[in-house]
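Just so it is clear, none of the values below were taken in a lab; they were calculated from the coordinates. Here the structure is a predicted model, which means the values were calculated and not measured. So basically every Cβ, Gly included, is an ideal-geometry build from the backbone, and we count neighbours across all protein chains shown.
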Amino acid sequence: MNLNEYNYIVVGSGFFGAVIAERIANDLHERVLVIEKRNHPGGNCYSLDHPETGIHYHQFGTHIFHTSNPQVWNYIKRFTEFNGYHHQVLTTYKDRVYQMPINLETINNFYDLNLKPFEVKDFLAAEIIKTGIVEPHNFEEKALSLLGQALYEAFIKGYTKKQWGLNPTLIPMEILNRLPFRDNYDESYYFDPWQGIPQNGYTAIFKKMLNHELINVLLETDFIPLWKDIPKETKIIYSGPVDRLFDYKRGKLKWRSLSFVNGVEEVSDFQGTAVMNFAEEQIPYTRIHEPWHLHPEKENLQSKTLVIEEYSIADDGTNPYYPIRDESNLETLDKYQLDVATFDNLIVGGRLGDYKYYDMDQTIAKALETYSLIKNSHIGT
Ligand code: UDP
């Protein structure tokens with residue numbers, strides 16, 4: 001392989017890398033080499049058919065595409081049709097199923113009440129005042145100040161401890177912003193106007209993006225040992241972990257990881273929904289996924305279904321998912337970002353590169369922005 005043949009090298013083929021590679025080929029009409037460590041494109045969005053059931057699933061956890069960004073929506077629609085899947089999550093607590101995010105159904109079911117929407121505020125205010133929290137300083141206090149003790153203990157505390165492997169007092173409160181709360185019966189997980197699952201899965205999107213005569217994809221290839229042989233004029237767009245790029249010289253950035261256990265149940269519908277959360281700390285998994293529900297347009301006609309248990313685990317550096325953005329990790333990140341800035345030809349981005357828990361649409365938006373900068377500097381040369 002001749003690394004001198006390319007003006008652009010993209011490292012990683014998740015959404016950040018794939019979008020930039022696609023734009024460089026289709027818009028800039030330049031050759032681009034994509035270097036991917038894994039044996040497949042798509043990063044953690046990778047999807048495939050389960051051999052035993054034929055059910056299409058997301059290997060790294062259920063990914064729901066959702067966005068409020070018209071530019072991202074128009075862009076992604078060039079590569080796939082979306083089905084009409086609308087995301088709803090349920091949670092099991094003490095063998096009963098409740099709606100999640102916490103809404104009026106959750107509250108009424110949990111307290112065995114029949115509150116009306118206009119009564120929720122006063123009801124919760126009376127619960128919240130008992131917690132004594134006026135100004136929250138961490139995840140636990142924020143949750144208590146929004147929900148009161150009982151709802152927090154039931155639906156948030158145990159799940160969050162499992163998910164992060166940390167006491168919720170040690171978790172930044174911004175994480176709670178990902179979880180909406182409702183005082184009506186709206187059970188949508190997302191407010192975004194556009195959502196769905198790609199008709200033919202995520203992998204088909206990546207194949208379509210990368211299938212171009214100007215794009216060459218090298219799978220199962222580690223970029224790090226090749227870096228020293230890449231000419232200085234070549235622009236490198238790196239979307240792997242930023243600490244790995246510098247051999248962890250400023251320390252390792254901490255991540256939380258996930259592991260998945262696939263199983264087959266001999267029924268056509270095991271849990272009646274795509275994602276079921278398990279709120280109690282004693283239940284070792286955080287969620288069970290049942291992927292055929294992601295494709296309501298294709299009924300599961302077989303008497304078996306794929307179910308996937310999700311476990312949250314400490315990261316050993318091989319499979320980073322959720323950045324642990326506490327003060328000390330953010331300080332380390334700053335140092336790496338200064339290291340990146342010393343290179344004229346290096347752009348670092350994406351979830352791993354920016355050390356941010358982006359949703360897919362945010363990653364695509366960032367990639368499109370980054371591409372505009374690349375294009376401007378290309379015209380300038
Ligand atoms: N969370 C919770 N109970 C739930 C679901 C979520 O306490 O049933 C908390 C948990 O701390 C989690 C955060 O809300 O980390 C964000 O949840 P989200 O569903 O966005 O997590 P993701 O799907 O990104 O893993």
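Calculate the dipole size of the chain relative to its Cα centre from +1 charges on Lys and Arg beta carbons and -1 charges on Asp and Glu beta carbons; express the result in debye to the nearest 20. Before the final figure, lay out the partial values.
Numbers: 37 positive and 52 negative charges, 157 e Å.
In total the dipole reaches around 760 debye.
For the range 297-372, the gyration tensor built on C-alpha atoms gives an oblate shape. Its axis ratio a/c (a ≥ b ≥ c) is at least 1.5, and a/b is not larger than b/c.
Which Cα, out of 324, 376, 355, lies furthest along the positive dipole direction of the range 268-381 (beta carbon charges, K/R +1, D/E -1)? So the residue furthest toward the plus end is 376. Sorted from longest to shortest, the spans of the Cα atoms of the range 303-345 along the three principal axes equal 58, 28, 14 Å. For the chain, what relative contact order do you get, as a whole percent, if you take Cα pairs closer than 8 Å and at least 6 residues apart? So the answer I get is 26 percent.
Counting only DSSP beta bridges with both residues in the chain, what percent are antiparallel, rounded to the nearest 5?
Working: 30 of 48 bridges.
Around 60 percent of the beta bridges assigned by DSSP in the chain are antiparallel ones.
Here, P(r) means the percent of Cα pairs in each 10 Å bin from 0 to the largest distance; for the chain it is 5, 21, 29, 25, 14, 5, 1. Note on the chain: with a GNM built from Cα contacts shorter than 10 Å, the maximum mean-square fluctuation among 109, 83, 177 falls on 177. Scaled to the globular estimate 2.2 N^0.38 Å, the Cα spread of the range 1-120, given as radius of gyration, is 1.60. Summarise the long-distance tail of P(r) for the range 30-92 by giving the % of C-alpha pairs beyond 20 Å. In whole percent, the long-distance tail amounts to 49.
Arranged from highest to lowest average of other beta-carbon atoms within 10 Å per residue, in what order do the peptides 357-366, 320-329 appear? It would help to have the intermediate numbers written out before the result.
Numbers: 357-366: 20.3, 320-329: 16.6.
Result, highest mean first: 357-366, 320-329.
Shape of the range 244-381 from its Cα gyration tensor (a ≥ b ≥ c, root eigenvalues): rounded if a/c is under 1.5, otherwise prolate when a/b > b/c, or oblate? It comes out oblate by the Cα gyration axes. Qualifying chymotrypsin sites (Phe, Trp or Tyr not before Pro) in the range 127-188, where qualification requires a DSSP coil assignment and no more than 12 other C-beta atoms within 10 Å, comprise 185.
May I ask you to list the lysines whose Cα is less than 22 Å away from that of residue 142, ignoring any residue fewer than eight positions away on the same chain? Of all the lysines, those that pass the test against residue 142 - Cα under 22 Å, at least 8 places apart if same chain - are 121, 130, 157, 161, 162, 356. Only Lys, Arg, Asp and Glu carry charge here, each on its Cβ (+1 for the first two, -1 for the last two); on that basis the range 93-214 has a dipole of about 400 debye about its Cα centre.
The GNM of the chain, with springs linking C-alpha atoms under 10 angstrom apart, assigns the highest mean-square fluctuation among 111, 189, 85 to 111. Take the range 58-188, drop everything but the C-alpha atoms, weight them equally and run the Debye formula without solvent; then report log10 I(q)/I(0) at 0.19 Å⁻¹ to two decimals. Calculated log10 I(q)/I(0) at the listed q: -1.16. Ellipticity at 222 nm from helices only: DSSP H runs of n ≥ 4 in the chain, each -39500 (n - 2.57), divided by the residue count, give -8500 deg cm²/dmol. Can you tell which of 145, 303, 239 shows the greatest fluctuation in a Gaussian network model of the chain with Cα springs below 10 Å? Maximum among the listed residues: 303. Stokes-Einstein diffusion coefficient for the range 192-243 at 10 °C in a medium of 1.306 mPa s, Rh from the Kirkwood formula over Cα pairs: what value in µm²/s? Roughly 109 µm²/s, to the nearest whole number.
Here the range 249-381 is assigned +1 on the Cβ of each Lys and Arg and -1 on the Cβ of each Asp and Glu. Its dipole about the Cα centre then comes out at about 660 debye.
Which GluC sites (Glu not before Pro) does the range 145-234 hold that lie in a coil by DSSP with at most 11 other beta carbons within 10 Å? The qualifying sites are 213, 220, 233.
Does the range 194-314 classify as rounded, prolate or oblate by the C-alpha gyration tensor (a ≥ b ≥ c root eigenvalues; a/c under 1.5 gives rounded; else a/b over b/c gives prolate, otherwise oblate)? Note, shape of the range 194-314 comes out oblate. With neighbours defined as other Cβ atoms within 10 Å of a residue's Cβ, the residues 106, 342, 62 order from fewest to most as 342, 62, 106. Considered as an equivalent ellipsoid built on the Cα gyration tensor, the range 138-253 has semi-axes of 41, 25, 11 Å, the largest given first. Taking the charge dipole of the chain about its Cα centre, with +1 at Lys and Arg Cβ atoms and -1 at Asp and Glu Cβ atoms, the residue from 285, 14, 45 reaching farthest to the positive side is 14.
Checking every one of the trypsin sites (Lys or Arg not before Pro) in the range 163-253 against DSSP loop status and a limit of 14 other Cβ atoms within 10 Å picks out 232, 249, 252.
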